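Report on one structure; see the data block that follows.
The values are calculated or read from the model by the stated rules, or taken from the named source; none is laboratory data. Worth saying up front: this structure is predicted, and the values here are computed from it rather than measured. Here the Cβ positions follow ideal geometry from the backbone for every residue, glycine too, while neighbour counts run over all protein chains shown. For the accessible areas, the whole protein counts, side chains as well, though only heavy atoms, and no ligand, DNA or RNA atoms are used. Shrake-Rupley method; radii C 1.70, N 1.55, O 1.52, S 1.80 Å.
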Amino acid sequence: MREKILVVDDEREIADLVAVYLENEDYTVYRFYTAKEALDCIRTERLDLAILDVMLPGMSGFKLCQEIRKKDTYPVIMLTAKDAEIDKINGLTLGADDYMTKPFRPLEMMARVKAQLRRYKKYNPASAVQEETLFCHAGLTVDVTSHECTLNGRRLDLTPTEFEILKILCKRKGKVVSSEELFHEIWKDEYYQKSNNTITVHIRHLREKMGDTSERPKYIHTVWGVGYKIEN
């Protein structure tokens, strides 16, 4: 079945260009130039990924991302014309999985789309690899097969990236995993810069959802200058 991808950008040339590249890769594309037009699609279609421009008329891409996260966990890639760190942090905090700054190379966009879809499809039980699929720790349960995470019986609504980070930390419980290791394991061979705070933002968002803190952590511990771990 062809994956369905939502593209929302008020710059028609960009939206049309992205759509052409996606369609050439045999994806089904839902293309819109305003957030208002895209809302009905989000609410009625089973989508596999969304590409959202941050600056949209009437409703921002951030708000549109929030609407998606009310019921869906498929990957969201944000597009921004600004190279401001705060835009990237805002997008990740609101549930986005990746971001690209305009102007971008279409081939890099396709590579990121494919990487996000590969990760997302790994949560499908039919394609899950034969490895440990259930992790439990102090009331926290991470079920890879069903892609569900609960804390003391309460379901946590995690994005694919948040779920992957938590799964990796649980899988390597008792060992410190650096931000660079997490980044490469999630985004594979993408270039990592020490100034990149993508993982830090996702960890903070995870802690908020778990009711955890960096000062007195019960689950995700920060090993300063090294990385993160879940204690045995």
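Tabulated data
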read-out: Residue within the range 34-43 that is closer than 25 Å to His205 by Cα, in contact with a Cys (Cβ under 8 Å, 6 or more places away or on another chain) and in a helix (DSSP H, G or I) present; value: no
read-out: Among (1) open to solvent by less than 40 Å² (accessible area, probe 1.4 Å); (2) in contact with a Gly (Cβ under 6 Å, 6 or more places away or on another chain), the one test that Asn152 misses; value: (1)
read-out: Selection count, the range 148-166, where residues are without any contact (Cβ under 8 Å) to a residue 40 or more places away in the chain and of a type outside the set (A, V, I, L, M, F, W, C); value: 6
read-out: Sole residue being in contact (Cβ under 8 Å) with a residue 60 or more places away in the chain, under 23 Å from Thr161 (Cα atoms) and of a type outside the set (Val, Ile, Thr), chosen from Arg43, Arg69; value: Arg69
read-out: Options Thr44, Thr80: the member that is open to solvent by 50 Å² or more (accessible area, probe 1.4 Å) and modelled with pLDDT under 90; value: Thr44
read-out: Residues within the range 12-29 that are in contact with a strand residue (DSSP E or B) (Cβ under 7 Å, 6 or more places away or on another chain), surrounded by fewer than 18 Cβ atoms within 10 Å (Cβ to Cβ) and either hydroxyl-bearing (Ser, Thr, Tyr) or not in a helix (DSSP H, G or I) (or both), tallied; value: 1
read-out: Members of the range 193-232 that are in contact with a strand residue (DSSP E or B) (Cβ under 8 Å, 6 or more places away or on another chain), of a type in the set (Phe, Trp, Tyr) and part of a loop (DSSP other than H, G, I, E, B); value: Tyr219
read-out: Subset of the range 1-11 that is open to solvent by 40 Å² or more (accessible area, probe 1.4 Å), within 20 Å of Tyr74 (Cα to Cα) and touching a residue at least 12 places away in the same chain (Cβ under 8 Å) - its residue that is farthest from the chain's Cα centre (by Cα); value: Arg2
read-out: Single residue of the range 53-78 satisfying the filter (more than 13 Å from the chain's Cα centre (by Cα) and outside any loop (DSSP other than H, G, I, E, B)) that is farthest from Phe104 (Cα to Cα); value: Glu67
